[in-house]
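Here, each number is a calculation from the coordinates, and none is a lab measurement. Treat the numbers as computed from the prediction; the structure is a model and nothing was measured. All Cβ positions, glycine included, derive from the backbone under ideal geometry; neighbour counts span all protein chains shown.
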């Protein structure tokens, strides 16, 4: 676009100094692709001094100098009770299937990145800048974290450039709540720069959802730091609260004071290390479980196996839950899940025993064993009269406010009574 550049140059000559910020912005916008548009930012470096607090270096880009820090974890590093090196044992397609990745593939650690961001706001939206983008990876047996930091909004596109280049060789991305926040936020920033996000084509494994499935019923919440403490055995020291990160960044922009923002780098690196450890622990929990599981773990594990189509493993887990159940109510929950596995495998006698036992316990009232047993008696055993008795008992126990279920039971009862009368007439 030579004509536009000539006009821009003419504007600069006529109004030099009048609208310097606007002119500089236009120059960067229409000179994309040229080698270097910003001079060395050594003065800014000296004022902000982030390199004095964090081990890293400034990399010059076409949009200014971007600070890049590197954190290295040795081979023998323990993140809480989990060895970082244990992630190398992860194999197969279990994680992809569990996290519902559209194109299920074998897990390839060498081409997998762990990503987390720190932003200028927690609500998202076009005005929120991800000023720190961190990517974890395994390299030469060690786990490393690259942290790309924009120490001013003006160099954001330079940071996005560096991230783009770094992500290109990867095939899979692992985050925690990244599908709802981090990745959409980054895609927005790339879109605003009229570019395609490098994360768009990666297989995205978000650990929040499998963590909720496995531990949601046992923990007060499934925030990453809760999982660190309760599951991974990792306790942070002098951690910087995530809710205070945006305010710390804006203070840094206004005052040029790197303290306490440098602590955000450690907070963020801990997040990435936790992603790695959590990935290995989740896979181990399903692929190679060890020890006697608690009731909650066994029940959750069985339901996950069932979703994945692993009926044998699901049945074993539900049996484990039944053995460790501390009450009849808990036993019934696991037993009804196991009965549905037996039903799917047409093991009708085994399923019938569980439904009858659940009805006998009746604490608290559950409609499903009555309905399932009535179905079995009507359609498989052809015991219409006993089926009608089961439905009548269910109607007697059913709370009055469950009107739709009552209507369905009454309809089933009428059908069973007709079949009972027809069978009696045939015999006579």
Exercise for the section: Would you mind telling me the antiparallel percentage of the DSSP bridges in the chain, rounded to 5? Expected result: 80
Completion exercise
Rounded to whole angstrom, the alpha-carbon centroid of region 159-175 lies from that of region 339-411 at a distance of 54
Problem - region 38-287, relative contact order in percent, only Cα pairs under 8 angstrom and at least six apart counted - result: 25
Exercise for the section: Would you mind checking the tilt of helix 20-30 against the longest principal axis of the Cα atoms of the chain, expressed as 0 to 90 degrees and rounded to 10? Expected result: 60
Fill in the blank from the handout: Using alpha-carbon positions, the gyration tensor of region 314-370 gives root eigenvalues a ≥ b ≥ c; with a/c under 1.5 called rounded, otherwise prolate if a/b exceeds b/c, else oblate, the class is oblate
Fill in the blank from the handout: Scoring the chain by relative contact order with C-alpha pairs under 8 Å, at least six apart, yields a percentage of 12
Practice task
When you have a sec, figure out the Kirkwood radius of the chain from all distinct Cα pair distances and drop it here in Å to one decimal?
Solution key: 26.0
Handout entry: Contact order normalised by residue count of region 290-351, Cα under 8 Å, 6+ apart, percent
Key = 27
Practice task
Arrange the following residues from fewest to most other Cβ atoms within 10 Å of their Cβ: 89, 420, 290.
Solution key: 290, 89, 420
Handout entry: Order of 51, 407 under a 10 Å beta carbon neighbour criterion, fewest first
Key = 407, 51
Practice task
Give the order of 333, 357, 402 when sorted by the count of other beta carbons within 10 angstrom, beginning with the fewest.
Solution key: 402, 357, 333
Handout entry: Helix axis angle, 262-287 relative to the chain longest principal axis, alpha carbon, degrees
Key = 30
Practice task
Tell me what the chain gives for mean residue ellipticity at 222 nm when only DSSP H runs of n ≥ 4 count, each as -39,500 (n - 2.57), the sum divided by the residue total, rounded to 500 deg cm²/dmol.
Solution key: -16000 deg cm²/dmol
Problem - Helix axis angle, 2-14 relative to the chain longest principal axis, alpha carbon, degrees - result: 60
